[in-house]
Structures are given as C-alpha cells and as structure tokens.
Amino acid sequence: MYLFLNKFYQLVPIVLSSLLILISAANDGTLIHYSFSPAIAAICVFYWVFTYPDLIGSLTVFFVGLISDVVFIQPLGMDSFALLVAYLLTSNQREDVIKYGFFVVWGFFAYFLFIFFAVKMMISYIYLSDIFFDFDIIVQYMFTFLIYPVVHRLLGLIRFKKIISLRI
C-alpha cells in the first residue's frame, strides 16, 4: 500500500501543474491580455522544486514544460528546455535559499524566471532566426513574479505532511 501511495505522490506535481496550466489557458484574451498571462509552468516547477524536491525530477519538469508548449501552442520543446535549464541551474541552491524564509525564496524566483525567459528568448531566436524582444516579455516577467505568492499559497493548500501522517 505504501508503494502505491508513493507512486501517487510522484504524480501530484504533474497533475496539479497540468490543471493550473489548463485553467490559465482558458483565458481567451477577454479577461487578461496574453502579455499579462503569467508563466504558470515556471511557477509550478519552482514551487515543487523548492517545497517538495523529492517529488519532482528532471523528467517531471520536462513533461510540465511539454504540456505548457502544447496548451499555449508554442514550438514543441521551448518551455521544456527553458524549464530544464532553469531547474538544473537553481535546484542545487535550494538548501541555501530555503533557510532564509519566503521573501528570499521569492527573490530567488526572480533569478529563476530570468534564466527561464532568457533561455526562452534564445530558443525563439534560433527557431525564428530573428531577435524576438518586445516589452510583452518584461510585462509577462513582472506579472509572473508578482503572481507567485498567490499561486504559492494556492498550491500550499495541499498539506502532504498531514496526509502522509495518516495511517492506513
């Protein structure tokens, strides 16, 4: 029974991230313009890496990025590769950052987002062979940074410690 629950817990990041990506993609431009839509995949990956690092690995990060690529109709692998690079560059520093509290983690999220958007811009440059820089990226970066505490709190409603402590 414990093995089944362990496999279930490893699916939680993919399922919840996919659900949030689909909910954020339901906007058709009437509520929020596309440039204001946050990079939900980056928020989810950062949350899972810094809150429950044993539940997420590079394959999970790749699939979350792939789902984001398919849902937002981007070149296949663009978000996946950008998320993997940002994940690999920042996951080693988790222990140093997490001990200082939420505001330092939120500040570190800005660094994570910078890597994510920089890699995404480089991939779009390679894919489109034209420099793709406009102010929508800066607006999306800022809105994603500002919306992180709300999504962090939303994902934080799941208390694994209480669920794990229940005896079956």
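Results for (1) assigned to a loop (DSSP other than H, G, I, E, B); (2) surrounded by 15 or more Cβ atoms within 10 Å (Cβ to Cβ), shown as yes or no for each residue.
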| site | (1), (2) |
| --- | --- |
| Ala41 | no, yes |
| Cys44 | no, yes |
| Trp48 | no, yes |
| Leu59 | no, no |
| Gly65 | no, yes |
| Ser68 | no, yes |
| Ile73 | yes, no |
| Leu76 | yes, no |
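Identify the residue in region 132-156 that is at pLDDT 80 or above and loosely packed, with under 12 Cβ neighbours inside 10 Å and, among all such residues, is nearest to Tyr52 (Cα to Cα).
Step one: list which residues in region 132-156 are at pLDDT 80 or above, which gives 137-156.
Those still in the list that are loosely packed, with under 12 Cβ neighbours inside 10 Å too: 146, 150, 153, 156.
Values: Leu146: 22, Val150: 18, Arg153: 14, Gly156: 11 Å.
Ranking the qualifying residues of region 132-156, first place goes to Gly156.
Give the residue that is modelled with the highest pLDDT, with candidates limited to residues of region 20-39 that are surrounded by 11 or more Cβ atoms within 10 Å (Cβ to Cβ), more than 12 Å from the chain's Cα centre (by Cα) and in a helix (DSSP H, G or I).
First pass over region 20-39, keeping only residues surrounded by 11 or more Cβ atoms within 10 Å (Cβ to Cβ): 20-22, 24-25, 27, 32-39.
Still in the list and also more than 12 Å from the chain's Cα centre (by Cα): 22, 24-25, 27, 32-37.
Retained after the next criterion (residues that are in a helix (DSSP H, G or I)): 22, 24-25, 34-36.
Values: Leu22: 83, Ser24: 80, Ala25: 77, Tyr34: 57, Ser35: 55, Phe36: 65.
This residue is Leu22.
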- Residue that is closer than 21 Å to Val12 by Cβ, without any contact (Cβ under 8 Å) to a residue 24 or more places away in the chain and more than 12 Å from the chain's Cα centre (by Cα), where the choices are Leu66, Leu59, Leu76, Leu55: Leu59
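The values are calculated or read from the model by the stated rules, or taken from the named source; none is laboratory data. Please read all numbers here as calculations on a predicted model, not as lab measurements. We place every Cβ from the backbone using ideal geometry, glycine too, and count neighbours over all the protein chains shown.
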